[in-house]
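J.: Sharing a structure with you now.
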Amino acid sequence: MSEPSPRPAAETEQLAADIIDLFEHRIRFNEHLGLEVTDLWGDPVTAAFNMRPEFVGHYLYGRLHGGVISSVLDTTGGLAVMSAIAKARFSETRLQVLEQFKYLGTLDMRIDYLRPGLGDRFIADAEIVRLGRRIATTRMNLRNEDDVLIATGNAAFVVSGS
């Protein structure tokens, strides 16, 4: 029996566009944060956003709010899982892969706040620690534009409905 063939390049490009649209626009909270996918297929995946006045968590110092930090790390972890699922299911159509995302959800997450969230632009990255049939585990980081590590996180995501 032969190996299944990978999806055509044009379909992979459309899948990438679909995932980026889903992440940046269809998940409205990500759109509110201004998250932009900067590397979907890398290991780690990366996303970035700009500081805005409504993200300030400490009014005297202008630091990024901890809730924004945890939300960005959570969603970037989810992006890593989407990317990993798309890569692992290389023989499936883009619609089959996108259908799999309906199960994706955060099960557990831990964030370590290491330094004040100071900066104008922030870059989050996430990598897969393990992609199983039912659970995926990720490791995430948030840095500012000067490459100062602000926070790290680990999360577990459900990836299937069975």
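Just so it is clear, none of the values below were taken in a lab; they were calculated from the coordinates. Just so we're clear, the structure is a prediction, and the values are computed from it rather than from any experiment. Virtual Cβ from ideal backbone geometry, glycine too; neighbours counted across all protein chains shown.
J.: Measure off 7 Å from each Cα along the Cα-to-Cβ vector at Ile135 and Glu54, then give the distance between these two points in nanometres to one decimal.
T.: Distance between the two pseudo-spin positions: 3.6 nm.
J.: Moving to a separate point now. Comparing Ser70, Ser83, Ser91, which has the greatest mean-square fluctuation in the GNM of the chain with Cα pairs linked when under 10 Å apart?
T.: Ser91
J.: Can you list the residues of the range 111-132 with backbone N under 15 Å from a point 7 Å past the Cα of His65, pointing along Cα to Cβ?
T.: 117
J.: Where does each of Phe29, Phe157 land when they are ranked from fewest to most other beta-carbon atoms within 10 angstrom?
T.: Least crowded to most crowded, the residues run Phe29, Phe157.
J.: Using all alpha carbons of the chain, what is the percent of pairwise distances in each 10 Å bin, ordered from the shortest bin to the longest?
T.: Percent of Cα pairs in each bin: 11, 39, 32, 13, 3, 1, 0.
J.: What length, rounded to one decimal in nm, is gained on full extension from Thr106 through to Ala17, with 0.36 nm per residue of separation minus their alpha-carbon distance?
T.: 29.7 nm
J.: Sticking with this structure for a sec: Looking at the range 84-162, which trypsin sites (Lys or Arg not before Pro) are DSSP coil and have at most 13 other C-beta atoms within 10 Å of their C-beta?
T.: Within the range 84-162, the qualifying trypsin sites (Lys or Arg not before Pro) (loop, at most 13 other Cβ atoms within 10 Å) are Arg133, Arg134.
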